[in-house]
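Read the structure below first, then the notes.
The values are calculated or read from the model by the stated rules, or taken from the named source; none is laboratory data. No experiment lies behind these values; they were computed from the predicted model shown. Methodologically, a virtual Cβ is constructed for each residue, glycine included, from the backbone with ideal geometry; neighbour enumeration extends over all protein chains shown. SASA here: full protein model, heavy atoms, side chains in, ligands and nucleic acids out. Shrake-Rupley method; radii C 1.70, N 1.55, O 1.52, S 1.80 Å.
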Amino acid sequence: MIMHRSEQTLAIRALRSAAPYIRMYKGKTFVVKAGGGVFADTHTTRALIEQIAILHYFGVRVVLVHGGGPQLTEVSAALGVPTRMVAGRRITDERAIDVTAMVLNGLINTRVLGMCRDLNIDAVGISGVDAGLIRARRRPPLEVAGEPGPVDFGLVGDIEAVDTTVLRKLLDNGLMPVVSPLSADAAGTLLNINADTVAAALGAALAAEKLILCTAAAGVLGDLRDPGSLISYTDLRGLARLREQGKIADGMLPKARAIEDAIHGGVRRVHVVSYHSPEGILGEVFTNEGTGTLIVADIEALSPAEQSAP
């Protein structure tokens, strides 16, 4: 590749601007959650993993948690297994849990590891089942707004405890964990857990500096119908207001709950960024302006520079 002098100057300026952030975050832990939409095509997948690779090269301890909703729906349909969603969460029966294991632990996890190998990231694929990482129990039937009676989500798990021993050992040895959210109960029954929920729990248990949620949207929107209504930053009160106003719905509902759980659990900052942008994560982490939405416990904790971001 030939770089012209003007491009070279811009690249050097960008590195200088990023240097304070690189120093700040070296040795810190980031949990990055990528939804299944990221893995719909090789180009989008590579753009995401390239950004994570840069964080890894700069000394950030990255834990990547992946979903797989679109792929799970596609493979389920091909195998004749119906899909039902309630309040943004999937109903998982005996047949569906087998497909879930195939897609999450097999198809997606292995493809991500292959991309990591190509980019010289020493990555290790694990799931919530491995080494007791996620201990869960089957979710009891729940009352859900808009549903006529309690909803039985089937083989869906609620997290009871997290044991990060295996993650810390991997991170301490310079390895990047790639985590499938599938877990199990004490009897070894496989349970499907929302990947946002798992990422939030891991972020809290690891005392992560950041939880980064990569989504199809640019971030949290003030108007669901207007992609240009991006909210640059907000806090837990602002998030609750948006939910009350109906501006957080469907698949964003589990994300909003995960954001709240992460911050209450001790994660300092949560970011929602677009996986469609090849600079979404890096622009959010290494600039004051950011590219998506930053959520904190209280806006007053933000620096003046962050509060002046567009």
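What length, rounded to one decimal in nm, is gained on full extension from Gln8 through to Glu244, with 0.36 nm per residue of separation minus their alpha-carbon distance?
Here the answer is 80.2 nm.
Can you work out the PRE-style zone for Glu94? Point 7 Å along Cα to Cβ, and I want the residues of the stretch 68-83 with backbone N under 16 Å.
Within reach of a label on Glu94: 81-82.
Write down the Kirkwood hydrodynamic radius of the chain, to one decimal in angstroms, obtained as one divided by the mean of 1/r over all alpha carbon pairs.
For the chain, inverting the mean 1/r across all distinct Cα pairs yields 20.0 Å.
Of Gly68, Ile121, Ile97, which is farthest on the positive side of the dipole of the chain, counting Cα position, with +1 on Lys and Arg Cβ, -1 on Asp and Glu Cβ, and the Cα centre as origin?
Ile121
Given only helices, namely DSSP H runs of n ≥ 4 each adding -39500 (n - 2.57), what is the per-residue ellipticity at 222 nm of the chain, to the nearest 500 deg cm²/dmol?
Numbers: 11 runs with 117 residues, N = 310.
Counting only the DSSP helices, I get -11500 deg cm²/dmol.
Provide the packing ranking of 118-124, 68-74, i.e. peptides ordered by the mean count of other C-beta atoms within 10 Å per residue, highest first.
68-74, 118-124
How high is the relative contact order of the stretch 18-88, in percent, counting Cα pairs under 8 Å that sit 6 or more residues apart?
This gives 39 percent for the stretch 18-88.
So for each of 79-87, 153-161 I average, over its residues, the number of other beta carbons within 10 Å; can you give me the resulting order with the highest mean first? Numbers along the way, then the final one.
Details: 79-87: 12.9, 153-161: 19.1.
The peptides rank, most packed first, as 153-161, 79-87.
How large is the dipole of the chain about the Cα centre if only Lys and Arg carry +1 and Asp and Glu carry -1, each at its Cβ, rounded to the nearest 20 debye?
620
Do you know the relative contact order of the chain, to the nearest whole percent, from alpha carbon pairs under 8 angstrom that are 6+ apart? Write down the numbers at each step before the final one.
Details: 585 pairs, mean separation 61.3, N = 310.
RCO, the chain: 20 percent.
For the stretch 103-256, what is the accessible area per residue in Å², given a 1.4 Å probe and the full set of protein chains?
44
Can you classify the stretch 114-250 as rounded, prolate or oblate using the Cα gyration tensor, where a ≥ b ≥ c are the square roots of its eigenvalues, rounded means a/c under 1.5, and otherwise it's prolate if a/b beats b/c and oblate if not?
oblate
What is the distance in Å between the Cα centroid of the stretch 215-271 and that of the stretch 14-78?
Here the answer is 19 Å between Cα centres.
Ignoring ligands, DNA and RNA, what accessible area per residue does the stretch 17-86 give at 1.4 Å, in Å²?
With all protein chains present, the stretch 17-86 gives 42 Å² per residue.
Once you have the Cα-Cα distance between His264 and Arg16, take 0.36 nm times their residue separation minus that, and quote the gain in nm to one decimal.
Details: separation 248, 0.36 × 248 = 89.28 nm, distance 3.38 nm.
Here the segment from His264 to Arg16 would lengthen by 85.9 nm.
What's the carbon and sulfur percent of the stretch 171-310's accessible surface, probe 1.4 angstrom, rounded to a whole number?
Its accessible area is 52 percent carbon and sulfur atoms.
Applying the Karplus parametrisation 6.51 cos²θ - 1.76 cosθ + 1.60 with θ = phi - 60° to the phi angles of the stretch 206-212, what ³J(HN,Hα) value in whole Hz is obtained for each residue in order, glycine and proline being reported as x?
8, 6, 5, 5, 9, 10, 10
Ranking request for peptides 13-19, 163-169, 145-151: highest mean number of other beta-carbon atoms within 10 Å first, then the rest in descending order.
Answer by packing, highest mean first, reads 163-169, 13-19, 145-151.
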